[in-house]
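K.L.:
Just passing along the structure, written as structure tokens.
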Amino acid sequence: MARRRKKAKKVEEASSPAWMATFSDLMSLLLTFFILLFSMSIVSEERFREVAESLRMALVGSSSDSILDDRGNSVGDLEFDDYGDLNEYEGLDPDELAVEDSPVDENYIPEQVIELYDTVNMFLVDEGLNADVTLSRDQDGVYIDIQEVIMFEPGSATLRENGLETMDQLAGLFELFNNEIIIEGYTDDVPTNGAEFATNWELSAARAITVLRYLYEDHSIEPTRLSARGYGEYRPTVPNDSVQNRSLNRRVNIVIVHDEREDVVNGSE
């Protein structure tokens, strides 16, 4: 009798439910996502500053100004208390918000004026005139102050011999450059008593014109460079309260006007 072959027992292999595979994939993706978020939240300060500097250079072309302060704070972190209430500017015309010009420094002397002053001072020293005239300067130009005692007799607008010699010497100075020249006449407050001139206005103006004509007619100074002004007694350098002060106020000023377009012969602008 043939032996019966025993029927092999069916062994069941252990296995996980099907949904576990999907769950594992989901957990892996979530872990990767959170790792990515974490890595993005940690920013290197050095790297951040490099990016900020690069952006600043691209926007303003300079590293001197920045939308970030020295600590890397954003504009939103800045304090605006010092700027007042920003709501007051709402609705205003942009032209009304224009920044006002910076105030001009009254003591500032342009370099061209300084160079012109040095040239004039050197000329006066070389010609021996530095003892007879007073030299000064400001933003508008260089001033040569000549006292009446050198230029005119009291109450007269006719040049004295000393005045003629002084103007002959100064004419050589005026030929060194092409700046405008203004001759200003001043007097003290003593009335003219209606002699040759009705008032000090006429006297001061006549003296200025006398000097102007002498420079033009005897030394051929270009007339378009010359002008004359008479101030009378109304712009004294010192109070008219003594004989000495009044003598200081009786004067002729020759103003060499500062003009950036003109060049002095010695090469200075």
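K.L.:
Looking only at the stretch 173-211, which residues have a backbone nitrogen under 18 Å from a spot 7 Å from the Cα of S247 in the C-beta direction?
P.N.:
From the stretch 173-211, the list is 186-190.
K.L.:
Give the Rg/Rh ratio for the stretch 111-257, taking Rg as the radius of gyration of the Cα atoms and Rh as the Kirkwood radius, to two decimals.
P.N.:
Answer for the stretch 111-257: 0.95.
K.L.:
Quickly rank 139-146, 184-191, 156-163, 242-249 as a protection proxy: mean count of other C-beta atoms within 10 Å, highest first. Provide the component values of the computation, followed by the final result.
P.N.:
Details: 139-146: 18.6, 184-191: 20.9, 156-163: 16.0, 242-249: 14.0.
Top of the packing list down: 184-191, 139-146, 156-163, 242-249.
K.L.:
If I take every Cα pair under 8 Å that is 6 or more residues apart in the stretch 111-257, average their sequence separation and divide by the length, what percent do I get for the relative contact order?
P.N.:
29 percent
A short reminder: the numbers here are calculations on the coordinates, not readings from a lab. Remember, predicted model here, so these are calculated numbers, not experimental data. All Cβ positions, even for glycine, are placed from backbone atoms using ideal geometry, and neighbour counts span all protein chains on display.
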